[in-house]
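Trainee: Structure provided below as structure tokens; questions to follow.
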Amino acid sequence: MTKNQFFDAFGEIDPAYVFAVDKLLAGSGEKRISISRKNFIRAALIAAVIMGLLTVTAYAAGLFGLQERLILDPAPTQQSAVISEETEKTLRDLRTVHHRNYLSLSGVNGSPEYRAAAEWLAFKGSYADQMAAEQLEQGKAYYDWRDLERSFAPDEETKEICRLYQVWDGEMWARLQKIAEKYDLKLHTKHTAFPGVPREYGIYEDGSFSAFIEGAAGIGFSYYIYLERQGALPADDLASGSTDEYEEWEYANARGNILSIAVRENDEWALVFYSGDAATVTLRVWYGGVDDIAALENFTDRIDFEAVASLSDPGEILAMLRGENT
């Protein structure tokens, strides 16, 4: 939330009470403020109202939804060396793969997780362009620069990290480490598949996970779920269109969870976002199209997103989502 949006939420509250609330909320160790019991209660009530206003304002501005999670791909950089027309044509074809918009699976715009993911994904795209151009100009296949064995990695853990983040050479590995250090984030080091779930989905060492759930708990909707714990650079990514393609709204489900739901015309997949204290939850739901909005909201009513984000055991979360422990 920007500074202007923050103060917009205060409306016409007397600044004296806002100052008192600031001290009340912060629990400052500075010189004690003299405030009567009546005014203290008033300040406490205003504090509660302010916190509610901030939350409502943030959701109304789209600050926890698609708008603040979208990572826009920067335009492809101009090649520094002169390249042939044939190479340029191949690069144009590859740009639909190398350059896409993505959704931040952990954190909103301005958070360390968002900024690190944006920087890493931008680097991956531009670096793939650069290396493909060099290969093509040498008459080689555009992908021959990739070290599939990760022979540059000094140990097995590094090889696993590079596999998770699709790192193909030493320069990419150095850049990934630099970005993680810059934003003070951990890198995922291990990925274990869920039993009975395709290999590309599974559990990371910190309890983050992704999974596909088919028609769970009598709901009838199938969906992908991505749960990312705070403090790590996500290894998963999710491509997306631009925000102007979507209709997005806030929805308070039957469990009291505040969600952001986004749909777009002629697309049978919807996006559902939930931000918890310790984790971010993203769903990509097959719901059938815009005529089934009510059914989509009813689907979210059956999920306790707060519990999903709070539980530490991914297996327990998956069982709950499948309706196995109800």
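The values are calculated or read from the model by the stated rules, or taken from the named source; none is laboratory data. Every value quoted in this text rests on a predicted model; they were computed, and no experiment measured them. Note: ideal-geometry Cβ built from the backbone for every residue, glycine included; neighbour counts use all protein chains shown. Keep in mind that these areas ignore ligands, DNA and RNA; they rest on the heavy atoms of the full protein, side chains included. Shrake-Rupley method; radii C 1.70, N 1.55, O 1.52, S 1.80 Å.
Trainee: Which one is farthest from Ala122 (Cα to Cα) among residues in segment 182-194 that are surrounded by 16 or more Cβ atoms within 10 Å (Cβ to Cβ) and among the hydrophobic types (A, V, I, L, M, F, W, C)?
Mentor: That would be Phe194.
Trainee: What single numbered condition from (1) surrounded by fewer than 22 Cβ atoms within 10 Å (Cβ to Cβ); (2) at pLDDT below 95 fails to hold for Ala270?
Mentor: Only one criterion in (1) surrounded by fewer than 22 Cβ atoms within 10 Å (Cβ to Cβ); (2) at pLDDT below 95 is unmet by Ala270, namely (1).
Trainee: Could you please find all residues in segment 300-321 being surrounded by 15 or more Cβ atoms within 10 Å (Cβ to Cβ), touching a residue at least 60 places away in the same chain (Cβ under 8 Å) and within 21 Å of the chain's Cα centre (by Cα)?
Mentor: Correct list: Val308, Ala309, Pro314, Ile317, Leu318, Leu321.
Trainee: Looking only at segment 278-310, count every residue that is outside any helix (DSSP H, G or I) and closer than 22 Å to Leu238 by Cβ and tell me the total.
Mentor: Matching residues across segment 278-310 total 13.
Trainee: Take Trp120 and tell me if it is open to solvent by 30 Å² or more (accessible area, probe 1.4 Å) and either farther than 21 Å from Thr189 by Cα or modelled with pLDDT of 90 or more (or both).
Mentor: no
Trainee: Every residue in segment 161-189 that is closer than 16 Å to Pro112 by Cα and out of contact with any helix residue (DSSP H, G or I) (no Cβ under 8 Å at 6 or more places or on another chain), please.
Mentor: The answer is Gln177, Lys178, Glu181.
Trainee: Is there a residue in segment 244-257 that is in a strand (DSSP E or B), closer than 20 Å to Asp73 by Cβ and open to solvent by less than 50 Å² (accessible area, probe 1.4 Å)?
Mentor: yes
Trainee: Also: Taking the criterion of being β-branched (Val, Ile, Thr) and touching a residue at least 40 places away in the same chain (Cβ under 8 Å), would at least one residue in segment 106-116 satisfy it?
Mentor: The answer is yes; a qualifying residue exists.
Trainee: Still on this structure: Quick check on Leu91: is it open to solvent by less than 20 Å² (accessible area, probe 1.4 Å), modelled with pLDDT under 95 and either within 24 Å of Gly231 (Cα to Cα) or basic (Lys, Arg) (or both)?
Mentor: Taking the combined requirement at face value, the residue does not satisfy it.
Trainee: Does Leu148 satisfy the condition of being over 17 Å from Leu91 (Cβ atoms), in a helix (DSSP H, G or I), hydrophobic (A, V, I, L, M, F, W, C) and modelled with pLDDT under 95?
Mentor: no
Trainee: May I ask you to list the residues in segment 223-267 that are at pLDDT 90 or above and hydroxyl-bearing (Ser, Thr, Tyr)?
Mentor: Answer for segment 223-267, where residues must be at pLDDT 90 or above and hydroxyl-bearing (Ser, Thr, Tyr): Tyr223, Tyr224, Tyr226, Tyr251, Ser260.
Trainee: Sticking with this structure for a sec: So which residues in segment 160-178 are open to solvent by 40 Å² or more (accessible area, probe 1.4 Å) and outside any helix (DSSP H, G or I), if there are any at all?
Mentor: Gln166, Trp168
Condition check ((1) buried (at least 19 other Cβ atoms within 10 Å of the Cβ); (2) at pLDDT below 95) across all residues:
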{"site": "Glu137", "(1), (2)": "no, yes"}
{"site": "Thr158", "(1), (2)": "no, no"}
{"site": "Ala180", "(1), (2)": "yes, no"}
{"site": "Gly196", "(1), (2)": "no, yes"}
